[in-house]
Amino acid sequence: MKRELKRSNAPIFWALFGAGGMLSALLGPMLVFITGIAVPLGVFLPADTMSYPKMLAFAQNWIGKGFIFAIIALFLWHAAHRLYHSLHDFGIHAGTGAKLICYGLALVATIIAAYALLVVGF
């Protein structure tokens, strides 16, 4: 008896979840330390490290744009996937509507981030 396999889009979301989880685990604490502790208090880094001209120059560089986009987009997709699957823990057996809301918000925010990075210029 031949059995047909059902196509699924789950691997795409699991890949985005995994990449976002890896980035948030490896880079998240460092970003919190740098932006929340080191620069404001002047610990280990000069106070002008995150000045507007320096951050604008970073955001206008291709490498900076790529880094900022990867961080924002993958953190968003990781959070969307985690929220969607956490609904089950709260007793909410989410269906297509919850999936559309969670992943749709991540998609919209990713598009807004890409647009904002393009508007900043080069």
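Bear in mind these aren't lab numbers, they're just calculated from the coordinates by the rules spelled out. Remember, it's a predicted structure, so these values are computed and weren't measured experimentally. Ideal geometry is used to build each Cβ from the backbone, glycine not excepted, and the neighbour counts take in all protein chains shown.
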Can you give me the angle between helix 10-26 and the longest principal axis of the chain, using Cα atoms only, in degrees from 0 to 90, rounded to the nearest 10? 30
Taking the convex hull of the alpha-carbon atoms of the chain and averaging its shadow over every direction gives an area in square nanometres of 11.2
Phi-derived 3J(HN,Hα) across segment 108-122 with the Karplus relation (6.51, -1.76, 1.60, θ = phi - 60°), rounded Hz, x for Gly and Pro, is 4, 5, 5, 5, 5, 5, 5, 4, 4, 5, 6, 5, 4, x, 10
Does anyone have the angle between helix 62-89 and the longest principal axis of the chain? Alpha-carbon axes, 0 to 90°, nearest 10? 40
Over segment 32-122, relative contact order from alpha-carbon pairs under 8 Å, at least 6 apart, %: 30
Less than 23 Å apart at the alpha-carbon level, and either on another chain or at least 8 residues along: which lysines does that give for Lys6? Lys99
Using +1 at the Cβ of each Lys and Arg and -1 at the Cβ of each Asp and Glu in the chain, identify which of Ala116, Phe67, Ile92 lies farthest towards the dipole's positive end. Ile92
